[in-house]
1. Report the FRET efficiency, 1/(1 + (r/R0)^6), for Gln79 and Lys11, where r is their Cβ-Cβ distance and R0 is 25 Å, rounded to 0.05.
2. Mind computing the radius of gyration and Dmax over the alpha-carbon atoms of segment 1-62? Å is fine for both.
3. Take the Cβ-Cβ distance between Asp72 and Lys3 as r, set R0 to 25 Å, and report the resulting FRET efficiency rounded to the nearest 0.05.
4. Show me the trypsin sites (Lys or Arg not before Pro) within segment 1-90 that DSSP assigns to loop and that have at most 10 other Cβ atoms within 10 Å of their Cβ.
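Values quoted throughout were computed directly from the atomic coordinates according to the rules given, and no laboratory measurement underlies them. As the structure is a prediction and not an experimental result, all values here were calculated from the model. Here the Cβ positions follow ideal geometry from the backbone for every residue, glycine too, while neighbour counts run over all protein chains shown.
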Amino acid sequence: MSKKVKIPLDKNMELKRYGYNLEQTTDKRRTALRKAAKHENPLAILKRLVVLRTYRKNMHRQPYLNDYKILDNDVKYMQAMYRTKYSKTKKSSRKGSRKASRKGSRK
């Protein structure tokens, strides 16, 4: 029988402090997530949401399935927010620059 592994949660960071609650509307939850992202590390918030979502993933009762869907949407929102805020600009493709250099050397 496999041993269950419990993913640790950071007790110091609670999203309730910023007004986050699963029973709120999407707009209010997202406002609370943006507020939390200003005061905390956005990546830590994203990790916490992923852990909470994972906890509810294998619970097959109806209230937990709804919570899972809510948390899944919030995780996707935070991923998009984190990606646009902290992503670096794309560099040019190396393949394209190599092709151009090879064409010139084949003369």
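1. Details: r = 24 Å, r/R0 = 0.95.
Efficiency, rounded to the nearest 0.05: 0.55.
2. 13.4, 44
3. Numbers: r = 27 Å, r/R0 = 1.06.
So, using R0 = 25 Å, E works out to roughly 0.40.
4. Numbers: sites: Lys3, Lys4, Lys6, Lys11, Lys16, Arg17, Lys28, Arg29, Arg30, Arg34, Lys35, Lys38, Lys47, Arg48, Arg53, Arg56, Lys57, Arg61, Lys69, Lys76, Arg83, Lys85, Lys88, Lys90; in loops: Lys3, Lys4, Lys6, Lys11, Arg61, Lys88, Lys90.
Here the sparse-neighbourhood loop sites are Lys3, Lys4, Lys6, Lys11, Arg61, Lys88, Lys90.
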